[in-house]
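Undergrad: Dumping the structure here so I can ask a few things about it.
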Amino acid sequence: MLTVTNIGLRYGDRKLFEDVNIKFTPGNCYGLIGANGAGKSTFLKILSGEVEAQTGDVHMNKGERMAILKQNHFEYEEHEVLKVVIMGHSRLYEVMQEKDAIYMKEDFSDEDGMRAAELEGEFAELNGWEAESEAAILLKGLGISEDLHTKKMSDITGGEKVKVLLAQALFGKPDVLLLDEPTNHLDIKAIQWLEEFLINFENTVIVVSHDRHFLNKVCTHIADLDYGKIQIYVGNYDFWYESSQLASRLASDVNRKKEEKIKELQAFIARFSANASKSKQATSRKKLLDKISLDDIKPSSRRYPYVNFTPEREIGNDLLRVEGLTKTIDGVKVLDNVNFIMNKDDKIALVGSNEIANTTLLKIISGEMEPDSGTFKWGITTTQAYFPRDNSDYFEGIDMNLVDWLRQYSPNDQTESFLRGFLGRMLFSGEEVMKKASVLSGGEKVRCMLSKMMLSGSNVLLLDDPTNHLDLESITALNNGLINFKGSIIFTSHDHQFIETIANRIIEITPKGLVDKQMTYDDYLADASVQQQLSELYS
């Protein structure tokens, strides 16, 4: 068990949190959420001892071990991959090193023999005989092939290093596991494997993630960092989000009967309780959920941008025809005779590991890049708005404030008050609208690009990984805005829930052809015939 007592931390006049008192108990996975800059990663560092709190303390039971997902991908460059994983259990690795050093001695004394015997006993207690096989299983599950296990870390790719460090954190069944953005740079198979691992993990997990699908799959509790406090809620992210929205509407609705909102919230809790039978902690979670009252759920202080794409004209049946598109970049053929027809009401997700191909296709059909051969043709009723993966050209060296920057893309020469109001709904309030476009953060640039697209009134949206750099609140707002959009969409994303809730058609570009299915993302991943087809096309 991990116990946090009266933890508080300030940076100057800024309070991150104070009087935090939590017991993180075994068998539960806690999703730590909060707005960007709220202090989620800092709180994990306090738990691990990397950062010292100004007040309070962190206590873990004697003899228990904590493991942390490390972020320095170049820390172990001269070490073998398999050994790096075993280093996750520092005491076991120390025993192995000392034991091997003794056996390597040419003059083996009686004292060496006694020490070796002690180490052998501790080695067995720490399950050392299974260490290499356990490490290999973790690496294999995350997609690191056996031929890489004896390679040095310096000889593998950046994405593979991420997986090795994740395997290191998971190794040896730690009593407390701290994971900061563990799904970053993982492919879909590795994420699915990690989800299953954490669902079946019997000890304590505390995880920070922007991946809502991941949080929904693995979390039994949400630790909400808000108001300078951390409040624990039973349930996954969706349950917390819906409950918090209901509570917020109740708190702000002073003129209507509150009893109606209370009943709405109670009905929602009851529905969630009924579905809890599907989860690992079914019985205990249902008992806790049954006890939840309105007072247990506070409205969040976090703000959500207003994302609403409104087409100026209805789209016709003739939308987009792509024929024989081919493109070679730096000697590599990334698109090879791509053909498809986009229909009215299609919301197409471009998925798969070939991100360069997906981005190239979007660049070509948006007019940003010329194909080597082939054609594409938009219908006469269509207007397109494009969100590029790299938006730096729109901001670097631009000496304009945000009002003037947005005015460039306003079709009707809108007034300053209109543009200020529009930016305000996208969370640029007060004097923030006078910021220079060139100094914006990644998330702020994305919100500006979305504002530009909303002002266009387009009926077709082309979006290349729009959730990158966004916090959970902005991702949720964009997700809901695209669900409600009355036009057509073609997009890429690493966010599973984003794809699943928006797309009604999936296209994957493979080295040997296109897979094109009119179905949801979950159905696509679960369809055995689709997966068999993909296996043949990638072989």
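Undergrad: What is the residue count in the stretch 308-317 for residues that are open to solvent by 20 Å² or more (accessible area, probe 1.4 Å) and either of a type in the set (Val, Ile, Thr) or in contact with a strand residue (DSSP E or B) (Cβ under 9 Å, 6 or more places away or on another chain) (or both)?
TA: 2
Undergrad: Let me ask something else about it. Could you list, in sequence order, all residues of the stretch 360-384 that are aliphatic (A, V, I, L, M) and closer than 18 Å to Lys452 by Cβ? Explain how you work it out, then say what you get.
TA: First, pick out the residues of the stretch 360-384 that are aliphatic (A, V, I, L, M): 361-362, 364-365, 369, 380.
Matches in the stretch 360-384: Leu362 only.
Conditions tested, residue by residue: (1) out of contact with any Phe, Trp or Tyr (no Cβ under 8 Å at 6 or more places or on another chain); (2) of a type in the set (Phe, Trp, Tyr).
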| site | (1), (2) |
| --- | --- |
| Phe17 | no, yes |
| Gly27 | yes, no |
| Ile33 | no, no |
| Asp57 | yes, no |
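Undergrad: Given the conditions (1) in a helix (DSSP H, G or I); (2) exposed (fewer than 12 other Cβ atoms within 10 Å of the Cβ), which single one is not true for Asp112?
TA: (2)
Undergrad: If you scan the stretch 1-24, which residues turn out to be modelled with pLDDT under 90 and assigned to a strand (DSSP E or B)? Spell out how you get there, then give the answer.
TA: Initially, the stretch 1-24 is screened for residues modelled with pLDDT under 90, giving 1, 10-18.
Hits for the stretch 1-24 are Arg10, Tyr11, Arg14, Lys15, Leu16, Phe17, Glu18.
Undergrad: Also, quick follow-up: Quick check on Gly27: is it within 27 Å of Asn216 (Cβ to Cβ), within 24 Å of the chain's Cα centre (by Cα), part of a loop (DSSP other than H, G, I, E, B) and in contact (Cβ under 8 Å) with a residue 60 or more places away in the chain? Give the steps one after another, and end with the answer.
TA: On the way: within 27 Å of Asn216 (Cβ to Cβ): yes; within 24 Å of the chain's Cα centre (by Cα): yes; part of a loop (DSSP other than H, G, I, E, B): yes; in contact (Cβ under 8 Å) with a residue 60 or more places away in the chain: yes.
It is true that Gly27 is within 27 Å of Asn216 (Cβ to Cβ), within 24 Å of the chain's Cα centre (by Cα), part of a loop (DSSP other than H, G, I, E, B) and in contact (Cβ under 8 Å) with a residue 60 or more places away in the chain.
Undergrad: Return the only residue of Lys45, Lys105, Lys62 being surrounded by 13 or more Cβ atoms within 10 Å (Cβ to Cβ) and not acidic (Asp, Glu). Can you show your working first?
TA: Values: Lys105 fails: surrounded by 13 or more Cβ atoms within 10 Å (Cβ to Cβ); Lys62 fails: surrounded by 13 or more Cβ atoms within 10 Å (Cβ to Cβ).
Sole residue among the options that is surrounded by 13 or more Cβ atoms within 10 Å (Cβ to Cβ) and not acidic (Asp, Glu): Lys45.
Undergrad: Something else about it: Checking Pro411 against (1) free of Cβ contacts under 8 Å to residues at least 40 places away in the same chain; (2) touching a Leu at 6+ places or on another chain (Cβ under 9 Å), which test does it fail?
TA: With (1) free of Cβ contacts under 8 Å to residues at least 40 places away in the same chain; (2) touching a Leu at 6+ places or on another chain (Cβ under 9 Å) applied to Pro411, the lone miss is (1).
Undergrad: May I pose another question? Residue check, Val164 against (1) outside any helix (DSSP H, G or I); (2) crowded, with 19+ Cβ neighbours inside 10 Å, all met but one. Which one?
TA: Of the numbered conditions (1) outside any helix (DSSP H, G or I); (2) crowded, with 19+ Cβ neighbours inside 10 Å, the odd one out for Val164 is (1).
Undergrad: Out of (1) farther than 24 Å from Phe24 by Cβ; (2) modelled with pLDDT under 95, what's the single condition that is false for His149?
TA: (2)
Undergrad: Can you tell me which of (1) within 21 Å of Lys173 (Cβ to Cβ); (2) touching a Leu at 6+ places or on another chain (Cβ under 9 Å); (3) not basic (Lys, Arg) is the one Thr55 doesn't meet?
TA: Evaluating Thr55 over (1) within 21 Å of Lys173 (Cβ to Cβ); (2) touching a Leu at 6+ places or on another chain (Cβ under 9 Å); (3) not basic (Lys, Arg) leaves (1) as the failure.
Undergrad: Considering only the stretch 359-377, state which residues are open to solvent by less than 40 Å² (accessible area, probe 1.4 Å) and among the hydrophobic types (A, V, I, L, M, F, W, C).
TA: Here is the first cut: in the stretch 359-377, the ones open to solvent by less than 40 Å² (accessible area, probe 1.4 Å) are 359-362, 364-366, 371, 374.
Those that are open to solvent by less than 40 Å² (accessible area, probe 1.4 Å) and among the hydrophobic types (A, V, I, L, M, F, W, C): Leu361, Leu362, Ile364, Ile365.
Undergrad: Being touching a helix residue (DSSP H, G or I) at 6+ places or on another chain (Cβ under 9 Å) and over 28 Å from Lys327 (Cβ atoms) narrows it down to one of Ser529, Ser493, Ser474, so name that one.
TA: Working: Ser529 fails: touching a helix residue (DSSP H, G or I) at 6+ places or on another chain (Cβ under 9 Å); Ser493 fails: over 28 Å from Lys327 (Cβ atoms).
On inspection, the qualifying residue turns out to be Ser474.
Undergrad: Among the strands (runs of 3 or more DSSP E) lying completely within the stretch 426-539, list those that include at least 1 residues that are crowded, with 22+ Cβ neighbours inside 10 Å and touching a residue at least 40 places away in the same chain (Cβ under 8 Å). Can you show your working first?
TA: Details: elements: 460-464, 488-492, 505-510, 513-517.
The qualifying strands (runs of 3 or more DSSP E) are 460-464, 488-492, 505-510.
Undergrad: Follow-up. Tell me yes or no: at least one residue of the stretch 160-175 is at pLDDT 95 or above and over 24 Å from Phe74 (Cα atoms).
TA: Within the stretch 160-175, one or more residues are at pLDDT 95 or above and over 24 Å from Phe74 (Cα atoms).
Undergrad: Of all residues in the stretch 217-235, which are among the polar types (S, T, N, Q) and at pLDDT below 90?
TA: First pass over the stretch 217-235, keeping only residues among the polar types (S, T, N, Q): 220, 231.
Selection gives Gln231 alone.
Undergrad: Working only within the stretch 12-36, note down all residues that are small (Gly, Ala, Ser) and exposed (fewer than 12 other Cβ atoms within 10 Å of the Cβ). Give the derivation first.
TA: First, the residues of the stretch 12-36 that are small (Gly, Ala, Ser): 12, 27, 31, 34-35.
Matches in the stretch 12-36: Gly12 only.
Undergrad: Quickly run through the stretch 30-75 and pick out the residues that are assigned to a helix (DSSP H, G or I) and without any contact (Cβ under 8 Å) to a residue 24 or more places away in the chain.
TA: Within the stretch 30-75, Lys45 is the sole residue that qualifies.
Undergrad: Is it the case that Thr55 is more than 28 Å from the chain's Cα centre (by Cα), more than 25 Å from Phe197 (Cα to Cα) and surrounded by fewer than 14 Cβ atoms within 10 Å (Cβ to Cβ)?
TA: Values: more than 28 Å from the chain's Cα centre (by Cα): yes; more than 25 Å from Phe197 (Cα to Cα): yes; surrounded by fewer than 14 Cβ atoms within 10 Å (Cβ to Cβ): yes.
Yes, satisfied.
Undergrad: If you don't mind, there's one more thing I want to ask. Look at the stretch 298-332 and say how many of its residues are outside any loop (DSSP other than H, G, I, E, B), under 25 Å from Met454 (Cβ atoms) and modelled with pLDDT under 95. Let's see the steps before the verdict.
TA: Narrowing the stretch 298-332 to residues outside any loop (DSSP other than H, G, I, E, B): 320-329, 332.
Cutting the leftovers down to under 25 Å from Met454 (Cβ atoms) gives us 320.
Adding the requirement that they be modelled with pLDDT under 95 leaves none.
The number of residues fulfilling the criteria is 0.
The values are calculated or read from the model by the stated rules, or taken from the named source; none is laboratory data. These numbers were taken from a predicted model, which means no experiment stands behind them. Glycine also receives a Cβ, built like all others from the backbone with ideal geometry; neighbour counts cover every protein chain displayed. SASA here: full protein model, heavy atoms, side chains in, ligands and nucleic acids out. Shrake-Rupley method; radii C 1.70, N 1.55, O 1.52, S 1.80 Å.
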